[in-house]
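For reference, the structure discussed in these notes is given below.
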Amino acid sequence: MDEALAVKAPVKRARNSEKTKAAILVAGRAEFAERGFEGARVDAIASLAGANKRLLYHYFGNKEDLYRAVLLDAYQEIRRGERALSLDQFGPVDAMDRLVRFTFRHFLANPWFPRLLGTENIENARFLKTLPDIQALHSPLVGQIKTIMDRGADAGIFRRDVDPVQLYISIAALGFFYVSNMATLSVIFARDLSAIDMVQEREAQAVQMVVDYLKTRAG
């Protein structure tokens with residue numbers, strides 16, 4: 001019995017460790033997105049995560065290291081979602097449709113993400129530049145988009161003169177701008193852009209804009 005307990009104890013501690021790390025990352029997202037890097041407080045993050053501040057420092061180091069971890073985790077999350085789409089099993093138009101909708105909905109479902117990216121841009125991407133794997137993390141996405149475009153071009157549906165990086169920037173912008181400026185645009189145009197009908201209209205328009213741009217005149 002004692003031997004069984006000795007075997008199980010490390011597993012339990014590992015699970016608690018991963019759970020605590022995940023809670024700290026989620027709390028860090030909220031704090032950094034709300035207050036920016038300079039305004040965020042480690043005490044507030046620890047409190048929100050229900051974690052001991054000493055554990056936070058043990059797992060993530062200082063405030064800068066925690067911010068880097070939050071930033072990397074945010075990018076990893078959206079990349080995981082894109083991979084889960086399994087776009088290679090769909091036709092070119094359908095694949096692009098799904099990618100645009102996923103990107104739009106990711107920003108919509110995670111409004112902290114545009115705010116976090118806004119914070120990092122205010123910092124002139126100084127933390128992002130220190131993440132060694134950040135370009136490798138995005139390379140598969142660019143390759144996936146290029147594959148979709150090539151399949152579409154081979155089928156006579158898509159143009160061949162589109163840069164996949166520029167295309168993704170446009171796809172991201174269509175969702176990012178809508179979500180990050182939802183409050184001000186709603187006031188300016190006297191429309192509730194968070195209303196479901198407005199969101200659905202915007203999503204459909206984003207898809208149409210991207211697909212129509214990619215299509216050949218014959219397509």
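Each value in this text was obtained by applying a stated rule to the coordinates, not by laboratory testing. Because the structure is a prediction, the values reported are computed rather than measured. Positions of Cβ are generated from backbone atoms using ideal geometry, with glycine treated the same way; all protein chains shown enter the neighbour counts.
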*Take peptides 154-165, 175-186 and line them up by average Cβ neighbours within 10 Å, highest first, as a rough protection proxy.*
175-186, 154-165
*Largest-first principal axis extents, alpha carbons of the stretch 95-135, Å*: 33, 21, 11
*Place the peptides 138-146, 187-195 in order of packing, highest mean first, counting for every residue the other Cβ atoms within 10 Å and averaging per peptide.*
138-146, 187-195
*What whole-number value in cubic angstrom gives the convex hull volume per residue for the C-alpha atoms of the stretch 110-204?*
139 Å³
*Helix 92-109 versus the longest principal axis of the chain: what is the Cα-based angle in degrees, 0 to 90, to the nearest 10?*
40 degrees
*Against the longest alpha carbon principal axis of the chain, how many degrees, from 0 to 90 and to the nearest 10, is the axis of helix 2-39 turned?*
60 degrees
*Give, rounded to the nearest 20 debye, the magnitude of the charge dipole that the chain has about its Cα centre when Lys and Arg contribute +1 at Cβ and Asp and Glu contribute -1 at Cβ.*
400 debye
_Could you tell me which residue out of Phe37, Asn124, Gly175 lies farthest along the dipole of the chain toward its positive end? Charges go on the beta carbon: Lys and Arg +1, Asp and Glu -1, centred on the Cα centre._
Phe37
*For the stretch 89-159, fraction of C-alpha pairs farther apart than 18 Å, in %*: 57 percent
_I need the Debye-formula profile for the stretch 32-128: one equal scatterer per C-alpha, no solvent, reported as log10 I(q)/I(0) at q = 0.11, 0.18 1/Å, two decimals._
-0.43, -0.89
*Please work out which option in (i) 18.0, 63; (ii) 20.9, 74; (iii) 19.8, 61 gives Rg and Dmax of the Cα atoms in Å calculated from these coordinates, and answer with its label.*
(ii)
